[in-house]
Structure formats: structure tokens, C-alpha cells
Amino acid sequence: MPRRAVADPRRPARLPAGRPSDAHADLPCPKAAPPPPEWLIEHGIGTSRPAVRLHTAQCWDTRAGCTPTTADTARRALAEGVPACPHCRAGTALDILD
């Protein structure tokens with residue numbers, strides 16, 4: 001006579017393959033992560049934290065004091081005199097030549 005499998009009360013019941021659990025049905029789905037920034041503004045130290053340099057997001061010379069920004073804000077910063085990073089050439093990437 002074959003033995004029947006008995007469910008262990010200490011283990012949660014298995015769901016059939018492909019069927020989602022209803023245990024978390026009331027939780028919202030996680031939102032997709034925002035796209036990575038294309039431009040970074042490096043800020044100096046101090047209370048006012050002025051902008052020091054503009055970088056592309058792929059630049060190897062960024063530091064902890066960088067904040068993400070849009071292309072329009074990056075162009076405005078270059079026009080206001082914030083220098084572009086000499087390594088990634090953020091100004092050239094924005095089609096702004098000195």
C-alpha cells in the first residue's frame with residue numbers, strides 16, 4: 001500500500017508552479033527605478049556649497065558631493081561660469097564649445 005504524503009504544519013504550503021502568492025496581494029507593486037542621471041554637478045564644501053564642476057554621469061572623477069541634474073540645468077551652469085570637467089569634457093558632450 002503506497003504511503004500518502006502528509007503536509008508538515010511547520011512548513012508553509014507550496015504553491016503550484018506559476019501561481020503567485022496571495023499573501024502579498026494588498027502590497028503595491030514596486031515602481032521601476034528612475035533612469036540614471038546623465039549629468040552631475042559637483043559642489044564644493046561649506047554652507048552655501050557652490051557648484052565647482054560639471055561632469056557626465058560616466059566620468060571617473062566624480063566625488064561624493066555631486067548631485068544629478070538635467071541637460072538644461074547643466075547648460076545653464078556652464079553659461080553661468082561653472083567649469084566643465086577636463087576629463088569627461090561635459091561641455092563638449094552638451095555641444096557647448098568655449
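The values are calculated or read from the model by the stated rules, or taken from the named source; none is laboratory data. A quick note: this is a predicted structure, and the numbers were derived from the prediction, not measured. For neighbour counting, all protein chains shown are included, and Cβ atoms are generated from backbone atoms with ideal geometry for every residue, glycine included.
Summary table
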read-out: Boolean, residue 15 is surrounded by fewer than 11 Cβ atoms within 10 Å (Cβ to Cβ), part of a loop (DSSP other than H, G, I, E, B) and modelled with pLDDT under 85; value: no
read-out: Residues satisfying the stated conditions in segment 44-93, i.e. assigned to a loop (DSSP other than H, G, I, E, B) and surrounded by 19 or more Cβ atoms within 10 Å (Cβ to Cβ); value: 59, 85, 88
